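Student: Handing you this structure, nothing more for now.
Every read-out reported here was derived from the displayed coordinates using simple, explicitly stated rules and does not represent laboratory data. Model, not experiment: these values are computed from the prediction. Every residue, glycine among them, receives a Cβ derived from its backbone with ideal geometry; neighbour counts consider all protein chains shown.
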Amino acid sequence: MNILIVGAGGVGFTLAERLTADGHQVTLVDTDQRRIDHCLDRLDVQALLGNGVSHKMLEEAGARTADLVLAVTSEDELNMLCCLVAKRGFGCRTIARVRNPLYFAELATIKDDLGLSLAINPELATANEIFDLIRIPAAVTAESFAKGRVNLIQLRIPDGSLLDGMSLIDFSEKLSRSTLVCIVEPRDRGEPFIPNGATVLHSGDSIHIMTPPEELNVLLRRIGCPVRHTGKVMIAGGGRIGFYLADRLQKNRSKVKIIEKDPKLCAELSEQLPNAEIICGDAIDRRLLSEEGLCSEDVFVSLTDMDEENILLSLYANKVSRAREITMVSTLGFTELTEELPLGSIVNPKEITANYILSYVRELNNTCNGTNIESLYYLCDRRIEALEFYIKAESELTAAPLSRLELRKGILICCIYRDGKVIIPSGSDRICPGDSIVVVSPASSLRSARDLLR
């Protein structure tokens, strides 16, 4: 696909890097020459200096032949206007990054008028991801499939767990036949892989599992992972992400406390979140954290505007409390450096935004090519993919039980979703027309369910 990106900052650069890796032709437009030079030095792309709102600039950048225009600058108004010009002037599909809650709330009524195929609010998307992590207490990450009815959950095997030294054959026989270990990331930070029955697990390994939601807590208790009540959540930072997260947590009947140092923002939050406790103060003040009961919280989420502050806050929370930490790190590239620190789950709004858009691009590309990918997640630093396929009709995949299908090497079918029911499959199960299936595979170019077979 030919893709035009307006905005070459953090999100734009990440999108360009990953889209070119997927084989797409990418052109970037930005008003900052330094960003243009940075992209040209590091990526195999075209990059032009100019304003993406200009019809002339868009035409020069190739909008007339572009399959998709992505407007991801830091200015909502510019993004929406760029998409409008691209749609009206060139008939392009368009995606806009829209951060202002007021604008985003109104998009439902004016989306078609603006010519938008998709709009993403990074703060709302980040808050939703954090909410999912809080909802599943032991999860490092949690990706949703089958219309939210099943999750691919990443866990870290604790010291002393029953899983230490256990093979997956024994796992199935002794612990759970309805849970599938889909990916293993070794504790020595070796290459992640898709396991087989002979794979032996060790404490410190990270594993991605798929299990029915109603069985998750029982399984976690048996393998020694924490299953803590998450009724009390403290949030450091009352910006947009903090607001969206607190709003969702309140609706889920959690008790929410927000610490924010801006008095004006505190007043707004008190009005918008009447059931939350809003503390006007600096979260970096250890005395304040102690007075406000950090040691008795179930979850501590650091969402200030400074990565360094978020890291320090989570390190302190880890030291003085039993609260689960969730840490926002916004700078791209910092995640790898912080993985070894006790920061709990790390979320990066720019990565979340890029992944959301990349999934849409893959789905669009497959739709244009007549294929059937419903959703896509990149896992383990993009070395493994998790995909959901919709099975439209009878085919080779539906012709026999799973044990008799000749799947490509490294492919694992993790879940079958049929008529509202989640099935964690065994070899005797079979795929039927109308099913959705979740598959993990080494990062590749799977374009349809047919590609699963040899």
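Student: How high is the relative contact order of the stretch 183-296, in percent, with contacts defined as C-alpha pairs under 8 Å that are six or more residues apart?
Tutor: Answer for the stretch 183-296 is 17 percent.
Student: Arranged from highest to lowest average of other beta-carbon atoms within 10 Å per residue, in what order do the peptides 431-437, 249-255, 93-99 appear?
Tutor: Final packing ranking: 93-99, 431-437, 249-255.
Student: Could you tell me what a quarter of the Cα convex hull surface of the chain works out to, in nm² with one decimal place?
Tutor: Computing the convex hull of the Cα atoms and averaging its projections yields 22.2 nm².
Student: Hey, what did the stretch 134-190 get for relative contact order, percent, Cα under 8 Å, at least 6 apart?
Tutor: It rounds to 18 percent for the stretch 134-190.
Student: Treating cross-link reach as a plain straight distance, find the aspartates and glutamates whose alpha-carbon is under 13 Å from the alpha-carbon of K251, omitting any fewer than eight places away in the same chain.
Tutor: Filter leaves no residues.
Student: Can I ask one more? Cross-link list K147/K174; K257/K319; K174/K232; K111/K350; K174/K392: which exceed 25 angstrom alpha carbon to alpha carbon?
Tutor: K147/K174; K174/K232; K174/K392
Student: While we're looking at this one, here's another question. Please give the calculated 222 nm ellipticity per residue for the chain, where each DSSP H segment of at least 4 residues contributes -39500 (n - 2.57) and the sum is spread over every residue; nearest 500 deg cm²/dmol?
Tutor: Only helices count here, giving -10000 deg cm²/dmol.
Student: List the trypsin sites (Lys or Arg not before Pro) within the stretch 116-159 that DSSP assigns to loop and that have no more than 16 neighbouring Cβ atoms inside 10 Å. Working shown, then result.
Tutor: Working: sites: R135, K147, R149, R156; in loops: R149.
Sparse-neighbourhood loop trypsin sites (Lys or Arg not before Pro): R149.
Student: Can you check what the net charge comes to around G7, using other residues whose Cβ is under 10 Å from the Cβ of G7 (Lys, Arg +1; Asp, Glu -1)?
Tutor: Result for the neighbourhood of G7: -1.
Student: Then there is this: Rounded to the nearest 20 debye, what is the charge dipole size of the stretch 1-158 about its Cα centre when +1 sits on each Lys and Arg Cβ and -1 on each Asp and Glu Cβ?
Tutor: Values: 16 positive and 20 negative charges, 82 e Å.
Result for the stretch 1-158 is approximately 400 debye, rounded to the nearest 20.
Student: Students often check this: by mean Cβ neighbours within 10 Å, which of 119-132, 407-420 ranks highest, and how do the rest follow?
Tutor: 119-132, 407-420
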